[in-house]
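These notes are about the structure you will find just below.
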Amino acid sequence: MLRWIVSCWGLERTSKFKFEGGDTAWEEEKLGSYATSEVRFVEIQEKLCSEVTIGKDQCYNLLEEYDESLEACYTLEKECMPCPGFPDNICHNNGHCKGSGTRKGDGKCHCDRGYAGDYCDKCANSYYESYRDDKKLLCSECHISCEGDCTKAGAIGCTKCKSGWVLDKEKGCLDLNECATSKSPCSPLQFCVNNEGGYRCLDCDRSCAGCTGDGPDMCVNCASGYYKKDNICIDASDESRKNFVFYSRYLTYMGLCIATFIILNKSTYLAAIVGSCVAIYISVSEYMLNSAPTPKKNIEHQVAEQVLKAFN
């Protein structure tokens, strides 16, 4: 309690104080540092009860009773010990000292990732000693498959394997392929993808009612509204629309031809013009429908070429 009173109230309050003579440099040289001086302790002691409003007499009585203990506490408080390994090998150069010359630190080593021990001179759990000499220790991380400690790099250095891996005496930890089992670990509408130390379940294509992989060609069975054609599940409604468009197109062609024959009975010249237009329309339409998609900027040129070929 007394240590807390001096440290948290008195030391913080006087942290920026100095000797009041005016010549700080001379005073520091002749009288020593204010931070560790008896003058500072007296100033702390005089103010400890100054702000107490209720029980001030009791506070002064406690100060008088524990005067020697307070002085001992302050003397202990101002003793700063060197960090482990100071100055050239602090914490074995694998960590940092908590303190840096202030009273807030504990003077202990706080090790970097991968290092452990009071002086950071050991490898932490899941790290192995990859290099050591009189001045340097290098710890490297164990393989991803290792459970706990390891003896060297790679899966062969593991002493125990994590879940999802199996231990082989010659090769170390090997990935367990959960997807190769007779029963898939995934739901019926998902397929399994193996990865290191585990697996993922991905949704089947919407056309599938069960699948072995991604896409409509990997379906075990087709979902409702789909049927199999050439081992691919096809949307029945899309196929119906395609058939409707197919028959409608040829019925349109037939209607144009019939109209041309009707006109022929009245005017051979007019029928020839209409028939030529119908032939061009049918040729261009079939060409465009059966050719591979092309950029829009080339469509006009293709239509023009087909029209010229039809007239020639």
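The values are calculated or read from the model by the stated rules, or taken from the named source; none is laboratory data. Just so you know, these numbers come straight off a predicted model, no measurement behind them. As a convention, Cβ positions derive from the backbone with ideal geometry for all residues, glycine included, and neighbour counts pool all protein chains shown.
A few remarks follow.
- Being touching a residue at least 24 places away in the same chain (Cβ under 8 Å) and hydroxyl-bearing (S, T, Y) holds for only one residue in S145, S187, and it is S145.
- Of all residues making up the range 216-231, the number that are without any contact (Cβ under 8 Å) to a residue 12 or more places away in the chain and not in a strand (DSSP E or B): 1
- Of all residues in the range 176-201, those satisfying the criterion of being of a type in the set (A, V, I, L, M, F, W, C) and not in a helix (DSSP H, G or I) are L176, C186, L189, F191, C192, V193, C201.
- Just one residue in the set S237, S276 is polar (S, T, N, Q), over 21 Å from S184 (Cβ atoms) and loosely packed, with under 13 Cβ neighbours inside 10 Å; that residue is S237.
This table checks each residue for (1) within 24 Å of D149 (Cα to Cα); (2) of a type in the set (D, E, K, R); (3) assigned by TED's automatic domain parsing to the domain that holds Y127.
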| site | (1), (2), (3) |
| --- | --- |
| T159 | yes, no, no |
| E196 | yes, yes, no |
| G210 | no, no, no |
| V220 | no, no, no |
| D230 | no, yes, no |
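- G197 meets the conditions (1) farther than 28 Å from D235 by Cβ; (2) modelled with pLDDT of 90 or more; (3) under 27 Å from the mean Cα position of the chain (by Cα) in every case but one. The failed one is (2).
- Any hit, the range 131-144, residues being part of a strand (DSSP E or B), touching an Asp or Glu at 6+ places or on another chain (Cβ under 8 Å) and of a type in the set (F, W, Y): no
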